[in-house]
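Below is one structure, written out as structure tokens; comments come after it.
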Amino acid sequence: MQFQVINIEETDSTNHWLKEHGKGDMVVVAGYQTAGRGCGTNSWESERGKNLTFSVLLHPTHVLANDQFIISMANALALADTLDRYTDGISIKWPNDIYWNDSKLCGTLIETRLQGNHIRDCIIGTGINVNQQRFLSDAPNPVSLYQLTGHDTDLKEVLETFLYELGRLFDHWSPELMRERYRQRLYRRQGLFSYRDKEGLFLAELITVSDDGTLLLLDESGKRRSYRFKEVTFIQHNE
């Protein structure tokens, strides 16, 4: 898979830029986003020129609408495989954040457009904390590669590595293998941890993530619980 890479100095959102200007399999990289955001109402803090903020336009028309979570899995795996080259302790926090131990290194927002029963295209917006030395927002647990390694990392190299890993997954498309690898890399894959849903706090262990992206937990009383995105919160140790 080959991508056309466009570099721009500033935009409100790389996802929004691709909605207006995207053609073919394209990547837009911004030095700064004035309205970068995460999932839901979350914002994304990124110091100008220090991190990777980019969006990828893909046309995986072979993927059925009901199977679209496989795109999120593939993207998360490509990010995790990329960041493995720079540090250890990398995992995937459901549904698609990349964590170093208990800290957030990377976030992704995916917007999918459908055509009938298939995906027409999807725009995958990603922020990777690369060279930022300090975080000033009230986000609870950000971390950067600089904070982990003590030195700057070449942004272009990180992007090229990610696009290579993503392209490799799409060129050798194997949903069963990707689902298995995704589940093996999940954050909190083993052990009892704190979560919160609309009923309050509880302890549970992670069973799996289903093919459609549903998170399955087993609480300390032996009750199975299932959640869609934004229906449950992972509680960190300091909360």
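What follows is calculated from the coordinates using simple rules that are stated; it is not laboratory data. This structure is a prediction, so every number in the text was calculated from the model and none was measured. Reconstructed Cβ throughout: ideal geometry from the backbone, glycine too, with neighbour counts over all protein chains shown.
The trypsin sites (Lys or Arg not before Pro) of segment 177-207 that meet both conditions, a loop assignment by DSSP and at most 10 other Cβ atoms within 10 Å of the site Cβ, are 198. Here the chain is treated as a Stokes sphere of Kirkwood radius computed over C-alpha pairs; at 25 °C and 0.890 mPa s its diffusion coefficient rounds to 133 µm²/s. For the peptides 101-107, 221-227, 20-26, the ranking by packing is 101-107, 20-26, 221-227, with the highest mean count of neighbouring Cβ atoms within 10 Å listed first.
Using a Cα distance threshold of under 19 Å, what count of lysine pairs results for the chain when pairs must be 8 or more residues apart or interchain? Counting lysine pairs in the chain gives 7.
For segment 128-231, relative contact order (Cα pairs under 8 Å, six or more residues apart, normalised by length) works out to 13 percent.
Relative contact order of the chain, please, whole-number percent, based on alpha carbon pairs below 8 angstrom and at least 6 residues apart. Worked out over the chain, it gives 17 percent. Defining a contact as two alpha carbons under 8 Å apart and six or more residues distant in sequence, what relative contact order in percent does segment 192-234 show? Dividing the mean separation by the residue count of segment 192-234 yields 35 percent.
For the chain, modelled as a Gaussian network with Cα springs under 10 Å, which listed residue fluctuates most, 131, 96, 117? The residue with the greatest mean-square fluctuation here is 117. Please find, in a Gaussian network model of the chain (springs between Cα atoms separated by less than 10 Å), the residue of 63, 143, 27 whose mean-square fluctuation is greatest. Taking springs between Cα atoms under 10 Å, the residue moving most is 63. Segment 160-182 and segment 63-97 have Cα centres spaced 9 Å apart.
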